[in-house]
Structure formats: structure tokens, C-alpha cells
Amino acid sequence: MRKTRKHTKSWGYHLIIDAARCEPRAIRSKKVIAAFVKELVGAIDMKAYGAPRIVRFGEGRVQGYTLVQLIETSNITCHFAEDTNNAYFDLFSCKTFDPKVAIGVFNKHFQPAHKKIKFFKR
């Protein structure tokens, strides 16, 4: 693929966590998910843009809560799959943040047995 312009500065920062075997009660609790996102927004020094949207839907292996929290610099999303107790988390922001802090808050609330983490500039 040919580059059409030079990138001198990153547009943003993206943290992805694929978490396996999270604490079952935590991923099934709207209250825990709401507490998680509130703590996360403060811990990474972001500003929420409105209230989080936390909705449980789906069927079979995809049933579970989905979280969407807009932040002034982009968004936080997560889907919690009840069939496997897995979680799929994304945090994108054009403002810098410490991914270790975000991972720590995630671990505190959902206690995954295993996780794959990717952090990159876009």
C-alpha cells in the first residue's frame, strides 16, 4: 500500500484487551461494570461525555453486557460474553493515557485468568 502523506504525529492511542475467564459475577453485574468505567475514566485522567450505556442483550454464546462510554477524546467499549466469561475491551483516545493504569483497573474489577493485550499508536 502506498503512503499518501507523511505522519509526523499519532492521531491517537488504542488499548485492546481480550480477557479470558473473568470473574463470572462481575461480568454479569451492571453495577460492577458501571463502577469499573467510572473508576477507569478518572484513573486515566479522561472526561466522560455523558453517562455510560450499559445494555445486556444477545443470545447464546454472545449474550452479555456491552458497555459504551464516550469520552471527550473518543470512547471506551467492552463486551462481556457470558457463555465463556470472556471480555473484549477497547479504549481509544487522541489524548495520551497510561495503559498500565487502565489494565490495572480492568484487572481489579474483572480478574481475568488470562489476557492478550495490544497497545499501539494510530
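Run lengths n ≥ 4 of DSSP H only: what is the helix-derived mean residue ellipticity at 222 nm for the chain, with -39500 (n - 2.57) per run over all residues, to the nearest 500?
-7000 deg cm²/dmol
Under 5 Å from the amide H of Thr73 lie the amide H atoms of Lys47, each residue being 5 or more positions distant or on a separate chain, with H modelled from the backbone and absent for Pro and chain starts. Between Arg21 and Ala43, the FRET efficiency from the beta-carbon distance, with R0 = 30 Å, is close to 0.80.
Applying the criteria of a DSSP loop state and at most 14 other Cβ atoms within 10 Å to the chymotrypsin sites (Phe, Trp or Tyr not before Pro) of region 41-122 yields Tyr49. Among Val68, Val55, sorting on how many other beta-carbon atoms sit within 10 Å of each Cβ, with the fewest leading, yields Val55, Val68.
Model label sites at Lys95 and Leu70, defined 7 Å from Cα along the beta-carbon direction, differ in position by 1.5 nm. For Lys47, the lysines whose Cα falls under 22 Å of its own Cα, not counting residues fewer than eight places away in the same chain, are Lys30, Lys31, Lys38, Lys95, Lys100, Lys108, Lys121.
Sparse packing (at most 14 other Cβ atoms within 10 Å of the Cβ) combined with a DSSP loop state is found for the following GluC sites (Glu not before Pro) in region 6-73: Glu59, Glu72. To the nearest 10 degrees, how steep is helix 99-110 against the longest Cα principal axis of the chain, on a 0 to 90 scale? Its long axis makes an angle of about 10 degrees.
What's the FRET efficiency of Trp11 with Lys108 using the Cβ-Cβ distance as r and R₀ = 22 Å, to the nearest 0.05?
On the way: r = 29 Å, r/R0 = 1.33.
So the FRET efficiency works out to roughly 0.15.
Each reported figure results from applying straightforward, stated rules to the coordinates on display, with no laboratory input. For clarity, every value in this text was computed on a predicted model and none was experimentally measured. So basically every Cβ, Gly included, is an ideal-geometry build from the backbone, and we count neighbours across all protein chains shown.
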